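Comments concern the structure below.
The values are calculated or read from the model by the stated rules, or taken from the named source; none is laboratory data. Source: prediction; values computed, not measured. So basically every Cβ, Gly included, is an ideal-geometry build from the backbone, and we count neighbours across all protein chains shown.
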Amino acid sequence: MGQKSHADTSWLIALFDNEDENHKKALREFEELASAPSVSALAYAELLVGFESNDSPTTPEELRIALPQILPVDIDVATRAAQIRSSNKIALADAIIIATAIHEKAKLLTFDKTMKGVYERIK
């Protein structure tokens, strides 16, 4: 069984948007995964907002099928996210996604260099 992975919004947008500069890289990474990545409920909400504003042909139902592991933000993730945000001065949303990846013992899939750097330092 391969390593679990957890997707950030930037990675998900690149995966679903063939106009995104990182689309091909996201597709390659997706094809190499042992299973679909988990996604924080927060990242899922961010993705839905982006799809809604861009009149995407993908529906929320299709996204839900493509992303079967949408994880809630529980007390452990919230506590860890607060610590991450406080010590790294990053956005709370980014801290929640990093905390979820760490909590799940999963590799973080992201194109956000700041998030990747924080994740790599503290995982």
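Considering only residues that are in contact (Cβ under 8 Å) with a residue 40 or more places away in the chain and closer than 21 Å to ARG64 by Cβ, which ones fall in the range 13-25?
ALA14, PHE16
Show the residue pairs meeting these rules: Cβ distance below 6 Å; 6+ apart or different chains; first residue within the range 84-112 and more than 16 Å from PRO72 (Cα to Cα); second residue crowded, with 22+ Cβ neighbours inside 10 Å and among the acidic types (Asp, Glu).
Between residues of the range 84-112 that are more than 16 Å from PRO72 (Cα to Cα) and residues that are crowded, with 22+ Cβ neighbours inside 10 Å and among the acidic types (Asp, Glu), the close pairs are THR110/ASP8.
Can you find, within the range 49-63, the residue that is modelled with the lowest pLDDT among those that are assigned to a helix (DSSP H, G or I) and surrounded by 14 or more Cβ atoms within 10 Å (Cβ to Cβ)?
PHE51
So PRO72 clears everything in (1) without any contact (Cβ under 8 Å) to a residue 24 or more places away in the chain; (2) loosely packed, with under 12 Cβ neighbours inside 10 Å except one condition, right? Which one?
In the conditions (1) without any contact (Cβ under 8 Å) to a residue 24 or more places away in the chain; (2) loosely packed, with under 12 Cβ neighbours inside 10 Å, PRO72 misses (1) alone.
Here is a yes/no grid of residues against (1) of a type in the set (Lys, Arg); (2) in a helix (DSSP H, G or I):
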| position | (1), (2) |
| --- | --- |
| GLU31 | no, yes |
| ILE65 | no, yes |
| VAL77 | no, yes |
| ARG80 | yes, yes |
| ILE90 | no, no |
| ALA101 | no, yes |
| VAL118 | no, yes |
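Considering only residues of the range 15-37 that are surrounded by 21 or more Cβ atoms within 10 Å (Cβ to Cβ) and at pLDDT 90 or above, which is nearest to LEU92 (Cα to Cα)?
That would be PRO37.
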